[in-house]
Amino acid sequence: GGQILQESLRLRVLGADEAWIILTAQTDLSGFMGKKPCDPRNSSLEDLKAAWETDWPTVLEKHQAWYEPQYQSMTLSFTDSHTKDLSKKTTKELLLASIEAEAPLPALTALYVQYARYLLICSSQKDGFPANLQGIWSDEILTPWNGDWHLNAQQMIYWLAEKGNLPDCHIPYLKLTEELVKPGEKTARAYYGARGWLVHTCTNPWGFTSPCEDASWGSTTGSPVWQCHHLWEHYLYHPDPEYLAWAYPIMKGAMLFYLDNMVEDENGQLITSPSSSPENWYLDEENELCALTEGPAYDRELVTTLTDACIQAGKILKTDLAFTRKLQKIRPRLAPVKIGSDGRIMEWKKEYREPYPYHRHLSHLWGVFPGSLISKEQTPEYGAAAEKSLERRGMTTAGWAIAYRGCLWARLRDGEKALSCFQAALKYATAYNLMNLAYHCDETLINPPGLDLDHCRYPFQIDGNQGNAMSILLMLLDDEVEFSDDGTMVIHLFLLPALPKALSSGSVRGLRAKGDLRIDMDWEDGKVTSLSIKGAEGRQIILH
């Protein structure tokens, strides 16, 4: 109904009860990640015509048919005996009820995980670009963070992909890493005179690999390990030798850069220099605010992890044994992480004073998660130090950083604190449609004021959704891999390792574990009542 009036550069809709607006867009960008050249105007018009000739019910039906096969690969539910008629509540009502109750409703918690999976499905498919910080959703002309890919903590966008049984959604991010090798080789030579390849904190569809924006964080050299960690994790979840033969040269190239970039410290141990603990600052001996440093815990954890992965990959492939032996000799010389006099993980080489005690970033805890160098079971002393470090940083900060804290607490086996982080995310950094908001607060205050959900205009930031969902899955299942001398993969499965009381009963189907395992599990009152492990044939599995 109604009518459409054209007024200058505007269209005005009068007297209508419904309006359907179709917007199409294309780019002539080509070459990167196999993007084919096109005529953007004609391509946009073709898309417009196809959309115009399809009615809305058909669009919805096609969309559901498209995403549901991946979406249904995992189901999750929590028993909720305290709230009735949840199916009749809107998402906004569920969110506000959780905030008022000061605890996430179990039904909302399960919905949130599936919502995060849906977002990843829609914004990261095999033949396309990987999701950026807005996924594919942005209501701005100038997209926050320039619509680029941040290659530090913000790549938590893909933490959910493997365990959430969406491995195909991970592929675009793995392909992105491959695309960065050639431009990254130029950057490694030009900036550092080093072999191998390097990308700094930011990249984009033009293959940008140079330092970006601000030297305090944009010059960090840790990003190649973040990228290679995804390559290695994908192999651990899907142990395919053919895939590893593709990924290994990329990992080796990153390792070559670090071998050339590291220097000996006063103890003869190898450290990176110059570096930083992005995006944090410290006060030096002269009370000056500083970011650049040498040998931070962040880099020690990163380089050690990459070294171990390259050694193990080399053993599996048996095609580059000379390089494998070289890394085995260097491994004992890598500077270890230190514990400070206050019992915390030392973020920097020295015990500097901290101007931002509740800083959003947790770079020095990378070895806890997404890495696995530090754990309660294998390294209890470092696990306790990580707990103290995490407690000191507080719960409330940027939206994505709350999610990171939740993952860390879950990995450290404290489900109540992990769930408290999720509750903080709902309260401080979640819109009524469940999109995570890029909420930042005063990092000198342990209890900063919150935001007004009805009037805030913080941009959507998809990594918080994925990180929060991952923290919930880590409450239900964690997994570690070790390799025997003959190369056999031994998989340790930790069932309900950080289960909070609020989620004490539930069911999951299709939860994915390393070794290409699929887990179906039910639990009541915090105890597993049924367990099915698919793909276990020929696998060596240890249950915890």
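The values are calculated or read from the model by the stated rules, or taken from the named source; none is laboratory data. What you see is a predicted model; the values in this text were computed from it and never measured. Please note: Cβ atoms are built from the backbone with ideal geometry, for glycine as well, and neighbour counts cover all protein chains shown. The accessibility values were calculated without ligands, DNA or RNA, using every heavy atom of the protein model including side chains. Shrake-Rupley method; radii C 1.70, N 1.55, O 1.52, S 1.80 Å.
A single member of 408, 373, 412 is at pLDDT 95 or above, under 16 Å from residue 468 (Cβ atoms) and either surrounded by fewer than 24 Cβ atoms within 10 Å (Cβ to Cβ) or under 18 Å from the mean Cα position of the chain (by Cα) (or both), and it is 408. Given the options 76, 60, name the one that is modelled with pLDDT of 90 or more, touching a strand residue (DSSP E or B) at 6+ places or on another chain (Cβ under 6 Å) and of a type outside the set (Ser, Thr, Tyr). Testing whether each residue is modelled with pLDDT of 90 or more, touching a strand residue (DSSP E or B) at 6+ places or on another chain (Cβ under 6 Å) and of a type outside the set (Ser, Thr, Tyr) leaves just 76.
Among the residues of the stretch 423-439, those identified as more than 14 Å from residue 109 (Cα to Cα) and of a type in the set (A, V, I, L, M) are 429, 431, 437, 438. The helices (runs of 4 or more DSSP H) found entirely in the stretch 75-185 that carry 3 or more residues being at negative phi and open to solvent by 30 Å² or more (accessible area, probe 1.4 Å) are 91-101, 106-123, 167-179.
Checked against the criterion of being closer than 23 Å to residue 353 by Cβ and either free of Cβ contacts under 8 Å to residues at least 12 places away in the same chain or of a type outside the set (D, E, K, R) (or both), the candidates 287, 267 yield just one match: 287. Of the numbered criteria (1) free of Cβ contacts under 8 Å to residues at least 60 places away in the same chain; (2) open to solvent by 20 Å² or more (accessible area, probe 1.4 Å); (3) out of contact with any helix residue (DSSP H, G or I) (no Cβ under 6 Å at 6 or more places or on another chain), the one residue 295 fails is (2).
So, residue 220, is that one touching a Lys or Arg at 6+ places or on another chain (Cβ under 8 Å) and either under 16 Å from residue 194 (Cα atoms) or surrounded by fewer than 19 Cβ atoms within 10 Å (Cβ to Cβ) (or both) or not? Spelling it out, it is not the case that residue 220 is touching a Lys or Arg at 6+ places or on another chain (Cβ under 8 Å) and either under 16 Å from residue 194 (Cα atoms) or surrounded by fewer than 19 Cβ atoms within 10 Å (Cβ to Cβ) (or both).
For (1) part of a helix (DSSP H, G or I); (2) farther than 18 Å from residue 278 by Cα; (3) open to solvent by less than 10 Å² (accessible area, probe 1.4 Å); (4) in contact (Cβ under 8 Å) with a residue 24 or more places away in the chain, each residue gets a yes or a no:
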site	(1), (2), (3), (4)
208	no, yes, no, yes
212	no, no, no, no
235	yes, yes, no, yes
242	yes, yes, no, no
245	yes, yes, no, yes
252	yes, yes, no, yes
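Can you find a residue in the stretch 35-46 that is part of a loop (DSSP other than H, G, I, E, B) and either modelled with pLDDT of 90 or more or β-branched (Val, Ile, Thr) (or both)? The answer is yes, given that some residue of the stretch 35-46 is part of a loop (DSSP other than H, G, I, E, B) and either modelled with pLDDT of 90 or more or β-branched (Val, Ile, Thr) (or both). Under the condition of being under 29 Å from the mean Cα position of the chain (by Cα), open to solvent by 40 Å² or more (accessible area, probe 1.4 Å), in contact (Cβ under 8 Å) with a residue 40 or more places away in the chain and within 27 Å of residue 266 (Cβ to Cβ), the residues counted in the stretch 306-335 number 0.
Give the residues of the stretch 443-464 that are without any contact (Cβ under 8 Å) to a residue 12 or more places away in the chain and more than 25 Å from the chain's Cα centre (by Cα), sorted by residue number. Within the stretch 443-464, 449, 452, 454, 455 qualify. Once the stretch 31-40 is narrowed to residues that are more than 18 Å from residue 149 (Cβ to Cβ) and either free of Cβ contacts under 8 Å to residues at least 12 places away in the same chain or acidic (Asp, Glu) (or both), the residue that is most open to solvent (accessible area, probe 1.4 Å) is 36. Residues in the stretch 186-200 that are in a helix (DSSP H, G or I) and open to solvent by 20 Å² or more (accessible area, probe 1.4 Å): how many? Of the residues in the stretch 186-200, 5 are in a helix (DSSP H, G or I) and open to solvent by 20 Å² or more (accessible area, probe 1.4 Å).
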